[in-house]
Structures are given as structure tokens and as C-alpha cells.
Amino acid sequence: MRDMDELRAEVASLRGRFEDKFAALVEVPSVSMEPERRPDVERCAEVAMGYLRDIGRSEEHTSELQSHHD
């Protein structure tokens with residue numbers, strides 16, 4: 001089992017990448033009921049689904065998410 005120092009070091013090494021990905025999500029105005037904002041909402045969903053694919057979620061699962069979005 002890893003010790004806490006190793007775990008803290010790994011978390012610290014991932015922080016910058018996490019912050020970059022989080023910033024990419026929050027910079028998209030993605031919470032809106034206005035029809036003209038739908039492209040922004042869809043763009044944010046695509047970014048989020050890309051992140052899920054990056055960590056191993058299958059196309060089947062991301063397609064299921066897309067069907068709920070439509």
C-alpha cells in the first residue's frame with residue numbers, strides 16, 4: 001500500500017492538469033435555458049465526455065450520456 005507522502009506527491013503532480021481541465025469546463029457558459037446558448041452547453045458536454053473517454057469510459061457510456069443530453 002502506498003504511504004501518504006507518495007499519495008500527496010502524486011496528487012500534487014496532477015494538480016496543474018486538473019486545474020487546466022477544470023478551467024476549460026468553467027470558461028464555457030454552459031448553464032442556460034436560453035436556446036441560443038445551446039451550442040455552448042453542447043460544447044461543454046463534449047469537453048466533459050472527452051475527459052471521460054480519456055480516463056477509459058467507453059464510447060457506449062459516453063453515447064448514453066449524449067442521448068440524455070438531446
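The values are calculated or read from the model by the stated rules, or taken from the named source; none is laboratory data. These figures come from a predicted structure and were not determined experimentally. Heads up, the Cβs are rebuilt from the backbone with ideal geometry, glycines too, and the neighbour counts pull from every protein chain shown.
Considering only the chain, give the helices (runs of 4 or more DSSP H) lying wholly within it that have at least 1 residues that are hydroxyl-bearing (S, T, Y), under 16 Å from the mean Cα position of the chain (by Cα) and modelled with pLDDT under 90. Write out each step before concluding.
Working: elements: 4-26, 38-54, 59-69.
Fully inside the chain and qualifying: 38-54, 59-69.
Quick one: which of E6, E36, E19, E42 is exposed (fewer than 11 other Cβ atoms within 10 Å of the Cβ), of a type outside the set (F, W, Y) and within 23 Å of R57 (Cβ to Cβ)? Write out each step before concluding.
On the way: E6 fails: within 23 Å of R57 (Cβ to Cβ); E36 fails: within 23 Å of R57 (Cβ to Cβ); E42 fails: exposed (fewer than 11 other Cβ atoms within 10 Å of the Cβ).
Only one candidate passes the filter, namely E19.
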